[in-house]
Structure formats: structure tokens, C-alpha cells
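Below is one structure; the comments refer to it alone.
The values are calculated or read from the model by the stated rules, or taken from the named source; none is laboratory data. Please read these numbers as outputs of a predicted model, since none were measured by experiment. Every residue, glycine among them, receives a Cβ derived from its backbone with ideal geometry; neighbour counts consider all protein chains shown. When the accessible area is computed, the model is the full protein with side chains, heavy atoms only, and any ligands, DNA or RNA have been set aside. Shrake-Rupley method; radii C 1.70, N 1.55, O 1.52, S 1.80 Å.
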Amino acid sequence: LFVVEISIKLPQYQNHYASLSYHAFGRWGKAFALIAFSVAIYATLIAYISAVPTLIGSNSCNLDFYSCISPSSLQILFTFGLGIVLICGMRYSENINRIIMTIKLCALVIVISLMIKYIDIQSLFLVKLNFEDLIQVSLIIILAFAYQSILPSIVNYMGRENKNQIKQVIIIGTIITCIIYLLWTIGIASYIQHVNAQEIFKANPSLEQLVSIIKTNSNGSFTVTALDTFLNVTLFASFITISIAFIDFWIDALNLDSN
């Protein structure tokens, strides 16, 4: 909300983090923001790209992608394909995102609904944390709040005159996300305990292992299909959204034409 307040006071498309830092701290502040924001968002994009082989390659259709294409080639195609969408289809990004988000939310609601019967609050303490775990958790928290990078873009999209509506979007959207995060976390942890896969997951607490546990122990293919849909659509939606924020950031930082 603080970022929105400041972003609204600056000219349209000159109100991203580069300009925010410049007006607050001068040239050194802008230089620092350029480095920090670039590293943070680039690292986020890399995280999504690195997840491509795990998610697309382990789909419920049992297709052996890697018999004809390597994981690294799949990552390149993913990046190139969505890059073309962003470059050639920015004007259609709103409708594309609406469709993607609708599919994503429907799939996630289905998955959580099917796992709700396994919920057990005690499952949240499945793995005892140590210092090394806390470092990994901090990175997850940072990634979860990466949406803050799009706040200036939201201001430009909705219009500075609609400050109250922008705040409502952020508050309501964050509450919904928080509830979904909690249900997802509790549901997944409870499911792992229900199928007695604690030791397997402790040995390799990765996304690939989590997907494998759910698919191996799920009796209904519908659950697996919904999970696949959610994970894959999330991959595309997140990559597009963060990329748009990255583009808007450089439009502001380099004083480029917003068109």
C-alpha cells in the first residue's frame, strides 16, 4: 500500500521502482534499485524456467517428452515461446491472463477440495526446521511476495485516479492468496502424512518429489489431471506476469516509449 501511495504521485510509466528510488534517494538509490530489482526478478524468472522440465515432463498423459527433446531444450523453447507472446501480444495480455487465471483458480480449488479430507493441523510440523532450512524458507517467502514487483504496473493499468479501487484489489487479492496458501500447505502436508511418505519427502523435499508422491498415491486420475493443470498453468501465468513487470521496470528505468 505504501508503494502504491508513492507510485500514484509520479507520472504514468515513470513510476516504477527505478523512479521511486531516484525520487527518494537520488542517483545512487536508482543505481541500487536497478541492480537489486534486476537480480531479484531475473532470479524469479530463472526459478520458473528451471521448473519447466519437472512440471511439463511429469504430466499425467504419460508422454515421454525426453525421448525426443532434452530438458534444457524444453526450457529454451518455453522461454522463446512465451517471449514471442510477450513481444507480439502485449495488447492481448489482459485477456490471456484472464483465461489463464480462471483455469488456474478452478484447478487449484479442485485439488484443494479433493485433499481437504486429509487435513491435519499436526502435519504442519512434519519436518523440524534447522538453520539451513530457514535459509530455504526465506527464499520461498521472497518468491511468494514477488508480486509486489507488479504494483506500479497495476497503478498504470487501473489509473492513478482509482487509488481506492487499487488498494481494494491489493487487500482482497492478498487475503484470497493467503487463505489459498494456508489451505494448500496444510492439505499437502496432511496428504504426505496420510500416504506415509514422510521419510521419502524428508530425503528429497523438492517439487519433483512432491508431484511424484501425489501422482503415485492418488487413486483418481482426475486429481492428478487437476494438479497437472494447476502447476503448468501457474508456471505460464507467473512467468508472463513477472515478465510484464520486468518490461515496465525497464521502460521506466531507461525512459523508453511505453507503447
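At pLDDT 80 or above, in contact with a His (Cβ under 8 Å, 6 or more places away or on another chain) and either open to solvent by less than 30 Å² (accessible area, probe 1.4 Å) or of a type in the set (A, V, I, L, M, F, W, C) (or both) - does that describe any residue in the stretch 140-152? Yes, there is a match, as at least one residue in the stretch 140-152 is at pLDDT 80 or above, in contact with a His (Cβ under 8 Å, 6 or more places away or on another chain) and either open to solvent by less than 30 Å² (accessible area, probe 1.4 Å) or of a type in the set (A, V, I, L, M, F, W, C) (or both).
So which residues in the stretch 107-128 are outside any helix (DSSP H, G or I), in contact with a helix residue (DSSP H, G or I) (Cβ under 7 Å, 6 or more places away or on another chain) and either at pLDDT 80 or above or open to solvent by 60 Å² or more (accessible area, probe 1.4 Å) (or both), if there are any at all?
Kept after step one, since they are outside any helix (DSSP H, G or I), are these residues of the stretch 107-128: 119-120, 126-128.
Going one step further and asking which of them are in contact with a helix residue (DSSP H, G or I) (Cβ under 7 Å, 6 or more places away or on another chain), we end up with 119-120, 126-127.
Those that are outside any helix (DSSP H, G or I), in contact with a helix residue (DSSP H, G or I) (Cβ under 7 Å, 6 or more places away or on another chain) and either at pLDDT 80 or above or open to solvent by 60 Å² or more (accessible area, probe 1.4 Å) (or both): I119, V127.
Considering the stretch 207-259, and only residues there that are open to solvent by less than 30 Å² (accessible area, probe 1.4 Å) and among the aromatic types (F, W, Y), the residue that is nearest to L20 (Cα to Cα) turns out to be F249.
Any residue in the stretch 84-106 that is open to solvent by less than 70 Å² (accessible area, probe 1.4 Å), modelled with pLDDT under 75 and within 25 Å of N217 (Cβ to Cβ)? No, there is no match, as no residue in the stretch 84-106 is open to solvent by less than 70 Å² (accessible area, probe 1.4 Å), modelled with pLDDT under 75 and within 25 Å of N217 (Cβ to Cβ). Please find, within the stretch 23-57, the residue that is nearest to T79 (Cα to Cα) out of those that are of a type in the set (F, W, Y) and buried (at least 16 other Cβ atoms within 10 Å of the Cβ). Top of the filtered list is Y48.
For residues that are hydrophobic (A, V, I, L, M, F, W, C) and surrounded by 13 or more Cβ atoms within 10 Å (Cβ to Cβ), tally how many sit in the stretch 172-206. Reasoning before the result, please.
The first filter runs over the stretch 172-206 and keeps only residues hydrophobic (A, V, I, L, M, F, W, C), leaving 172, 175-176, 178-180, 182-184, 186, 188-189, 192, 195, 197, 200-201, 203.
Restricting the remaining residues to those that are surrounded by 13 or more Cβ atoms within 10 Å (Cβ to Cβ) gives 180, 183-184, 186, 188-189, 192, 195, 197, 200-201.
Adding up the residues that qualify gives 11.
Is it true that some residue in the stretch 158-170 is within 19 Å of the chain's Cα centre (by Cα) and at pLDDT 80 or above? The answer is yes, given that some residue of the stretch 158-170 is within 19 Å of the chain's Cα centre (by Cα) and at pLDDT 80 or above. Taking the conditions (1) in a helix (DSSP H, G or I); (2) modelled with pLDDT under 75 in turn, I41 satisfies each one other than (2).
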